[in-house]
Every structure is written in structure tokens, then in C-alpha cells.
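Q: Questions regarding the structure given below will be posed in turn.
The values are calculated or read from the model by the stated rules, or taken from the named source; none is laboratory data. Please read these numbers as outputs of a predicted model, since none were measured by experiment. All Cβ positions, glycine included, derive from the backbone under ideal geometry; neighbour counts span all protein chains shown. Side chains included, ligands, DNA and RNA excluded: accessible areas come from the protein's heavy atoms. Shrake-Rupley method; radii C 1.70, N 1.55, O 1.52, S 1.80 Å.
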Amino acid sequence: MVACSEGKAGSANYKTKEMKEIYFAGGCFWGTEHFFKQLRGVVETEVGYANGHTENPTYQDVCTDQTGFAETVHIVYDPEILTLEFLTEMYFKAIDPTSINRQGHDEGTQYRTGIYYIEEADLPTLQKVYNQVQEEVGQPLAVQLQPLENFYKAEEYHQDYLDKNPQGYCHLPVELFKMAKEANR
């Protein structure tokens, strides 16, 4: 668990409560971040690049398909408001779990899907939801489920992109944001 001392207030005692973290790669991180920010209990998000094999990648580096990084959203959440199981179920509503290196019109290795955890204790919950979704779709999922190896924060202009640019590009439909906003109210 992470004790957070800064960030957006998502609960009354955010600065003193124990928060949890998870990393989701769901295609373009602009829409994925915006989607998760709609959920009550998500107290902080940050976009970046996860599980690649170079150091300090830039967006331009990641777009070459040579770094191994996935556009990823780091989520800090209040486990008293939002369970990891529910958060993961919501993640699967925002992606095509059978698409390889593609979400919407975005294509390339940086748009692969993945769930990257930092606490081994989270794996059984993540695996349970993963298995349920795989059973529902009836085929193997193209979603990585593995420990977080590394994460580099993306450039500042990528952070909260759709808040700064409400008409900006997004591969997710607006209806999905509305659904997330009402999902756990």
C-alpha cells in the first residue's frame, strides 16, 4: 500500500489514509486515464510508459515500437471506496481484451493492453476477473497480466490531457465516461 501525501482529494482523509495502486494499459492513455478518473474512489492518476526495456523513454521513443513500453495509467485508489475487483471489471469494459497491439484506431505495441501490479497479494483478485472475462469471451485474452517492471511518467502535456483538451482525440466513446461516472455512486 502507498501512503499518499499529495494529489487530488478523492475522499475526506485522502492525505492520511492508506491508498492502493494498480497500473492499467488500455490503448491510448488519454482516454484510459479520463475513464478511470470518473470512478468514485480513484484519488490520483498519472500517465506514463510501463514495462519496456530502455530508460527514460520519451513519447517519440515509445512511438517507434522499439522500446517495448505500453502507454499506461498509474491509478491510486481508496480501497474503502473502490475494490480492486470492481476497478478491474471496469477496466475490461473500456478495452477490447482480444485485440493485439490495438485499441480503437490506435495501432502499435505501445497500445497493447496490460494489467501491471506491484503487490503480489493483488494477483488472485486480478486473475479471478481475468479468468471470468476470458470465459465470457470464449477465447484467450490479449491482455498481459504481470508484475510492474518499470514505469516512467509521460511528458506533462499528456497528463490529464482530456481535461485540458475536452475536444481532444479519444478512442473511447463519451458514453463510456458517463457510465463510469455513475458506476459506483
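Q: Roughly how far apart, in whole Å, are the Cα centres of the stretch 96-150 and the stretch 63-88?
A: What the calculation gives is 10 Å, centre to centre.
Q: Okay, moving on. Mind putting a number on the dipole of the chain about its Cα centre? Charges go on the C-beta only, +1 for Lys and Arg and -1 for Asp and Glu, and I need it in Debye to the nearest 20.
A: It comes to approximately 520 debye.
Q: Normalising by the residue count of the chain, find the relative contact order in percent from Cα pairs under 8 Å and 6+ residues apart.
A: Taking the mean separation of contacting Cα pairs over the length of the chain, I get 29 percent.
Q: While we're looking at this one, here's another question. Could you size up the charge dipole of the stretch 60-114 around its Cα centre, putting +1 on the beta carbon of Lys and Arg and -1 on that of Asp and Glu, and report it in debye to the nearest 20?
A: 140 debye
Q: Using the Karplus equation 6.51 cos²θ - 1.76 cosθ + 1.60 (θ = phi - 60°), what ³J(HN,Hα) coupling, rounded to whole Hz, does each residue of the stretch 164-181 give in order, writing x for Gly and Pro?
A: Ordered by residue, 3J(HN,Hα) equals 6, 10, x, 9, x, 4, 8, 7, 9, x, 4, 4, 5, 5, 5, 4, 5, 4 Hz.
Q: Give me, ordered by chain and number, the residues 5 or more places off residue 117 or on other chains with an amide H under 5 Å from its own placed amide H.
A: It is 146, 148, by chain and number.
Q: Give me the percent of accessible area attributable to carbon and sulfur for the chain, probe 1.4 angstrom. Intermediate results must be reported in sequence, preceding the final value.
A: Values: 4310 of 8900 Å².
On the chain, the fraction of accessible area on carbon and sulfur atoms equals 48 percent.
Q: Calculate for the chain the 222 nm mean residue ellipticity that helices alone would give, adding -39,500 (n - 2.57) per DSSP H run of length 4 or more and normalising by residue count, nearest 500 deg cm²/dmol. Intermediate values should be presented prior to the final figure.
A: On the way: 6 runs with 52 residues, N = 185.
Roughly -8000 deg cm²/dmol at 222 nm, from the helical runs in the chain.
Q: In a shell of Cβ-Cβ distance under 10 Å around residue 35, excluding residue 35 itself, what net charge do Lys and Arg (+1) and Asp and Glu (-1) give?
A: Values: positive: 37, 93, 181; negative: 33.
The answer is +2.
Q: Sticking with this one: Picking from 159, 103, 173, whose Cα lies most toward the positive end of the charge dipole for the chain (charges on Cβ: Lys, Arg +1; Asp, Glu -1)?
A: 173
Q: Pull out the extension gain between residue 146 and residue 106, defined as 0.36 nm times the separation in residues minus the alpha carbon to alpha carbon distance; nm, one decimal.
A: Length gained, residue 146 through residue 106: 12.1 nm.
Q: Rolling a 1.4 Å sphere over the protein heavy atoms, what is the accessible area per residue of the stretch 11-75, to the nearest Å²?
A: Numbers: 2240 Å² over 65 residues.
So the stretch 11-75 comes to 35 Å² accessible per residue, rounded to a whole number.
Q: What list of ³J(HN,Hα) values in whole Hz, one per residue of the stretch 61-66 in order, does the Karplus curve 6.51 cos²θ - 1.76 cosθ + 1.60 (θ = phi - 60°) give from phi, with Gly and Pro shown as x?
A: Going residue by residue, I get 4, 5, 5, 6, 6, 10 Hz, with x marking Gly and Pro.
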